[in-house]
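> Below you will find the structure I want to go over with you.
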Amino acid sequence: QLQASGGGLVQAGGSLRVSCEAYGRTFSVYGVGWFRRAPGKEREFVAAVSRSGSSTDYADSVKGRFAISRNNAENTVYLQMRSLKPEDTAVYYCAADQNISGTRRTPSWYDCWGQGTQVTVSS
């Protein structure tokens, strides 16, 4: 089970950190990704991190503004978001899969999904 948290309302240019905590799993064997779905839009890839945290990948739209990291001892993956824009407004979902050794952008690679946390960026 994955639990996403940390969403909220922030002004444009602000920062927010969302977290994804795993329960009942050894998180270090899972590749993890963050995805988001904005109103009226399809789900899109945001960022991914490998099992060890040594490899990361970002969508072009967030590169340089977002940073994904993980603390396997705490079974948690973080997404630090800076310089937020109104177009970053979405429900953010974390996902994990133990068959991912590196990073993956395609949602179908992930078999376990969290419930999502709302991030709203006001202009």
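The values are calculated or read from the model by the stated rules, or taken from the named source; none is laboratory data. Because the structure is a prediction, the values reported are computed rather than measured. Every residue, glycine as well, gets a Cβ built from its backbone with ideal geometry; the counts of neighbours run over all protein chains shown. Areas reflect the complete protein model, heavy atoms only, side chains present, ligands, DNA and RNA absent. Shrake-Rupley method; radii C 1.70, N 1.55, O 1.52, S 1.80 Å.
> So what is the accessible area of the chain per residue, in Å², with the probe set to 1.4 Å?
Values: 5990 Å² over 123 residues.
Each residue of the chain exposes 49 Å² on average to a 1.4 Å probe.
> Looking only at Cβ-Cβ distances, which cysteines of the chain have no other cysteine closer than 4.7 Å?
CYS112
> Taking a probe of 1.4 angstrom, what is the accessible area of LYS85 in Å², to the nearest 10?
That residue has around 80 Å² of solvent-accessible surface.
> Would you tally the net charge around ALA12, using a Cβ to Cβ cut-off of less than 13 Å, leaving ALA12 out, and scoring K and R as +1, D and E as -1?
Values: positive: ARG65, ARG82, LYS85; negative: GLU87, ASP88.
Around ALA12, the surrounding residues sum to +1.
> Now for a different question. Order the following by accessible area, largest value first: TYR110, TYR78. Probe radius 1.4 Å; ligands, DNA and RNA are ignored. Let's see the in-between values first.
Details: TYR110 10, TYR78 40 Å².
Ranked list, largest accessible area first: TYR78, TYR110.
> Same structure, new question: Keeping the other protein chains in place, figure out the carbon and sulfur percent of the accessible area of the chain, with a 1.4 Å probe. Spell out each step's value before the answer.
Numbers: 2540 of 5990 Å².
Ligands and nucleic acids excluded, carbon and sulfur reach 42 percent.
> Also, quick follow-up: Quick one: Cα convex hull volume of the chain, Å³ per residue? If you can, show how the numbers build up before the last one.
Values: hull volume 10.8 nm³, N = 123.
So the per-residue Cα hull volume is 88 Å³.
> Starting from 0.36 nm per residue, how many nanometres of slack lie between SER83 and LYS63 once their C-alpha separation is accounted for?
Working: separation 20, 0.36 × 20 = 7.20 nm, distance 1.10 nm.
Working it through step by step, the gained length comes to 6.1 nm.
> Set the Förster radius R0 to 25 Å, insert the Cβ-Cβ distance between GLN98 and ARG43 as r into 1/(1 + (r/R0)^6), and round the FRET efficiency to 0.05. All intermediate terms of the calculation are to be shown ahead of the outcome.
Numbers: r = 21 Å, r/R0 = 0.85.
The value I calculate is 0.75.
> With every protein chain in place, what's the accessible area of GLU44 (1.4 Å probe, Å², nearest 10)?
GLU44 has an accessible surface of roughly 70 Å² with all protein chains in place.
> Largest first, what is the accessible-area ranking of ASP60, ASP97 with a 1.4 Å probe? Before the final figure, lay out each step's value.
Details: ASP60 125, ASP97 10 Å².
Final ranking, largest accessible area leading: ASP60, ASP97.
> Say each of THR56 and ARG105 gets a label point 7 Å from the Cα, pointing the same way as Cα to Cβ; how far apart are those two points in nm?
In this crude label model, THR56 to ARG105 measures out at 1.7 nm.
> Roughly how many debye, to the nearest 20, is the charge dipole of the chain about its Cα centre, given +1 on each Lys and Arg Cβ, -1 on each Asp and Glu Cβ, and no other charges? Before the final figure, lay out the partial values.
Details: 14 positive and 10 negative charges, 33 e Å.
Result for the chain is approximately 160 debye, rounded to the nearest 20.
> Rounded to the nearest 0.05, what FRET efficiency is calculated for ALA73 and SER123 with R0 set to 25 Å and r the Cβ-Cβ distance?
Values: r = 39 Å, r/R0 = 1.54.
For R0 = 25 Å, the calculated efficiency reads 0.05.
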